[in-house]
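The values are calculated or read from the model by the stated rules, or taken from the named source; none is laboratory data. It should be emphasised that the depicted structure is a prediction, and the values quoted were computed from it without experimental measurement. FYI the Cβ positions are ideal-geometry reconstructions off the backbone, even for glycines, and counts take in every protein chain you see. Side chains are part of the model used for accessible areas, which takes the heavy atoms of the whole protein and leaves out ligands, DNA and RNA. Shrake-Rupley method; radii C 1.70, N 1.55, O 1.52, S 1.80 Å.
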Amino acid sequence: MEAHGAGLRRVLVLAFCVAGIWSAYIYQGVLQETLSTKRFGPDGQRFEHLAFLNLAQNVICLVWSFIMIKLWSSGSAGGAPWWTYWSAGITNTIGPAMGIEALKYISYPAQVLAKSSKMIPVMLMGTLVYGIRYTLPEYICTFLVAGGVSAFALTKTSSKTISKLAHPNAPLGYGLCFLNLAFDGFTNATQDSITARYPKTSAWDIMLGMNLWGTIYNMVYMFGWPSASGFEAVQFCKQHPEAAWDIILYCLCGAVGQNFIFLTISRFGSLANTTITTTRKFVSIVVSSLLSGNPLSTKQWGCVAMVFSGLSYQIYLKWRKLQRLAKKRKA
């Protein structure tokens, strides 16, 4: 009976994590798309300073992680010093800024699909730089994702979607997304190196260090000189409080979403988290298409299915690998 109760609690916690990640990030995606496409006020002005979202997100997450460390951290020494995150902070500042900036040139569904192809630069770097050999199923996953993203990019976008973009330019938009992926790859590699050197570093420590440097860099970029764009962003928010409220909600969604991601990884492992976040991306595309007025053609839906088939197959391969490792340990 106790085992049944423990199993039920575990299922309820997993459902809680799924609901938290989906609701936080799907709503954040809606807000991100709103801020990049909506016209505010009677004069129909756009919020052009999308890099300001990164600064606001950094500040909120910095405060959030500091509070979490004070509330939940055991206080054990041995974590990574704050200054070790300076290089990862640079790429983690530039990368997301490029991803958000891409929304001026391509639709939100196109951005989500392009950013779903993270495995492509990882495999290219692994093969060309480190000489890693991948299996045939891994190449099939990559082919499905790369083929789906490429076909989606070449498929004609509806005139309604194009009219909502600030500066329609698909090659530039996709280029910014792939640069975002490249910088994310460096960020992840640097974070892995830091946790390898300082094993006692907690997820909250990483969140604090990354957002501390992100806040410093973005503050310099947004407010470092008299004509910097940060002053214009603040002025826009004063004139249009609706935009300011959307920015605050956007940042809170990111902070809450990170909490649920850390909870999922600690309780159920990274594979469960990957599965939840991957399915969340698909739902985000559906929600965007239905609510935000980004209609997709039948061919584009086929490309979406192709990409998520590859991602689902990748998750299945990871699950099989974990099962084999578990059997070896038992043996």
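Set side by side, the residues ASN273, ASN294 differ, and just one is on the phi < 0 side of the Ramachandran plot, open to solvent by less than 30 Å² (accessible area, probe 1.4 Å) and over 19 Å from the mean Cα position of the chain (by Cα), which is ASN294.
Of the residues contained in segment 62-85, one or more are found to be among the hydroxyl-bearing types (Ser, Thr, Tyr) and either within 19 Å of LEU181 (Cβ to Cβ) or modelled with pLDDT of 90 or more (or both).
Just a yes or no: is a residue in segment 180-192 touching a Leu at 6+ places or on another chain (Cβ under 7 Å), surrounded by 16 or more Cβ atoms within 10 Å (Cβ to Cβ) and at pLDDT 90 or above? No, segment 180-192 contains no residue that is touching a Leu at 6+ places or on another chain (Cβ under 7 Å), surrounded by 16 or more Cβ atoms within 10 Å (Cβ to Cβ) and at pLDDT 90 or above. Filtering segment 136-155 to residues that are touching a residue at least 40 places away in the same chain (Cβ under 8 Å) and over 15 Å from LEU311 (Cα atoms) leaves ALA151, PHE152, ALA153, THR155.
Per the conditions (1) surrounded by fewer than 21 Cβ atoms within 10 Å (Cβ to Cβ); (2) within 20 Å of the chain's Cα centre (by Cα), the sole criterion not satisfied by TYR139 is (2). Quick check: anything in segment 276-288 farther than 21 Å from GLY310 by Cβ and modelled with pLDDT under 90? Yes, that holds for at least one residue. Residue under question is LYS299, and the condition is that it be modelled with pLDDT of 85 or more, more than 22 Å from the chain's Cα centre (by Cα) and open to solvent by 80 Å² or more (accessible area, probe 1.4 Å); does it hold? Spelling it out, LYS299 is indeed modelled with pLDDT of 85 or more, more than 22 Å from the chain's Cα centre (by Cα) and open to solvent by 80 Å² or more (accessible area, probe 1.4 Å). Looking for something in a loop (DSSP other than H, G, I, E, B) and either on the phi > 0 side of the Ramachandran plot or in contact (Cβ under 8 Å) with a residue 60 or more places away in the chain (or both) - is there at least one such residue anywhere in segment 169-185? Yes.
Would you check which residues across segment 193-203 are in contact (Cβ under 8 Å) with a residue 24 or more places away in the chain, loosely packed, with under 14 Cβ neighbours inside 10 Å and part of a helix (DSSP H, G or I) and list them? Result: ARG197, single match. In the set (1) among the hydrophobic types (A, V, I, L, M, F, W, C); (2) more than 21 Å from THR277 (Cα to Cα); (3) surrounded by 16 or more Cβ atoms within 10 Å (Cβ to Cβ), the condition left unmet by CYS177 is number (2).
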